[in-house]
1. Kindly provide the helix-only [θ] at 222 nm of the chain, computed as the sum of -39,500 (n - 2.57) over DSSP H runs of four or more divided by all residues, to the nearest 500 deg cm²/dmol?
2. Using a cut-off of under 11 Å, list every residue of segment 297-330 whose amide N is near the label point 7 Å from the Cα of W274 along the Cα-to-beta-carbon line.
3. Counting only heavy atoms of protein chains, what accessible area per residue, in Å², does segment 231-273 have with a probe of 1.4 Å?
4. Can you pull out the trypsin sites (Lys or Arg not before Pro) in segment 268-302 that DSSP calls coil and that have at most 15 other Cβ atoms within 10 Å?
5. Packing-wise, with mean Cβ within 10 Å as the measure, how do 344-355, 171-182 rank, highest first?
6. Cβ under 13 Å from T335's Cβ, T335 left aside: what net charge do those residues give with Lys, Arg +1 and Asp, Glu -1?
7. Which whole-number percent is the relative contact order of segment 186-336 (Cα, under 8 Å, 6+ apart)?
8. What distance in nm separates the two pseudo spin-label positions at H65 and I427, each 7 Å out from Cα along the beta-carbon direction?
Amino acid sequence: MNFQNTLEFAQELDENDELKDFRKQFLFPQHSGKDAIYLCGNSLGLQPVTATQYIKQELNNWKDHAVKAWHKTNDPWLSYHAQLTGILSGIVGAKQQEVTVMNSLTVNIHLLLVSFYQPNHKKYKILIEGGAFPSDQYAFESQVKFHGFEPKDAIIEVYPREGEYTLRTENILKSIDNNADELALVLFSGVNYFTGQLFDISAIAKAAHEAGIIVGFDLAHAAGNVPLQLHDWGVDFACWCSYKYMNSGPGGISGIFVHERHFGNKKLDRFAGWWGYREDKRFLMAPGFEAEAGADGWQVSTPPIILLALHKAALNIFEQAGGLQPLRAKSELLTAYLEFLILEINKNKGEELFKIITPANQQERGCQLSIICKRNAKAIFNYLNDSGVIGDWREPNVIRLSPVPLYNSFRDVFETGRILADAFIKIGL
């Protein structure tokens, strides 16, 4: 598409947007008496208008039925989570039995590593992306130490080439091949939190399996953002949070994927709990753990119904929108328009004031653009915020902006570009 840097062009795109009315289903922070321009869905998604209604319903069920609500309401709590797995399986490209919702993200990383990181004296290393999100790094470090290894020896990090900001798939695959004899696990994110790079999950999974290595993914920045086909790609396991692109509230409940080929593997260790026990025998309270079929067998504790209600409110909007395919089409256009406007600023100023480090290839990114500000970065970020644009700051000089297709408009993107251009005049750069 031939983009134009005009309000009229942005308004025309909005008028032709079949998803434009979904914006009304979210609540925006206010700035100077109007909706702020919210481009921070990569960190925390907006609140659905229906969130209060869904929570109130479960509070009323608690009030009216108390313990009987586990069995007696229209949406009995005992099977409440099963209402979500059908929608989720479509979002992540899985069979419904391969997906469940439970706990929080890092807790799920640890629980899945109990099953899928089983090192021995020869194959004990984990291959990860250099610069993975700190919580992931801490989890990996503690896991290898728990097994008696030193992180500096057992964790292999793959970094971009000198002078580059993102990883080349060929380098990731080469690292898998070069270390195949010692690798027990390959564990990457789907989308790197800092650069916004979408990794080639299919290629990474294929290379790992050809070398006889288990492969998993942290999809915190990918789930609800980019198309996924976890089952068809053969991924062994994955997990994600729900509070970014899936708009399910701060600290919202997490989800996991376990490929069906592992369901019958009795040799897999797991940290078991009552809620992962066979549902048909759960209330017999018998000794000796028998896992529920599918991913549900990795559940541990009684599910938090209020968090599930928030998740249900948000996922129902995805279902109304027709799933991820139409959202992805709009997302590509929104992010490309933001990219165009930023590059226009550089062109008009005659220098690269903003360097976009997220891949230009749309197949290698989601909603997010990570932008290095070459001069007065924090002042520019503060100017955006003071002007009603809510983005995200990362030290030392990176602004992350993520136009989300469910609730952002092309006018949001146009106004952000205009404010970025104005910053150089207002701040005196």
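The values are calculated or read from the model by the stated rules, or taken from the named source; none is laboratory data. Everything numeric in this text was worked out from a predicted model, so none of it was measured. Ideal geometry is used to build each Cβ from the backbone, glycine not excepted, and the neighbour counts take in all protein chains shown. SASA here: full protein model, heavy atoms, side chains in, ligands and nucleic acids out. Shrake-Rupley method; radii C 1.70, N 1.55, O 1.52, S 1.80 Å.
1. Working: 13 runs with 157 residues, N = 429.
Helix-only estimate at 222 nm: -11500 deg cm²/dmol.
2. Hits in segment 297-330 for W274 at 11 Å: 301-303.
3. Values: 1650 Å² over 43 residues.
So segment 231-273 comes to 38 Å² accessible per residue, rounded to a whole number.
4. Numbers: sites: R270, R278, K281, R282; in loops: R270, R278, K281.
Sparse-neighbourhood loop trypsin sites (Lys or Arg not before Pro): R278, K281.
5. On the way: 344-355: 14.5, 171-182: 16.2.
Put in order of decreasing packing, that is 171-182, 344-355.
6. On the way: positive: R328, K330, R365, R400; negative: E332, E339, E364, D412.
Combined, the nearby Lys, Arg, Asp and Glu give 0.
7. Numbers: 202 pairs, mean separation 28.3, N = 151.
Answer for segment 186-336 is 19 percent.
8. That separation, rounded to one decimal, is 5.4 nm.
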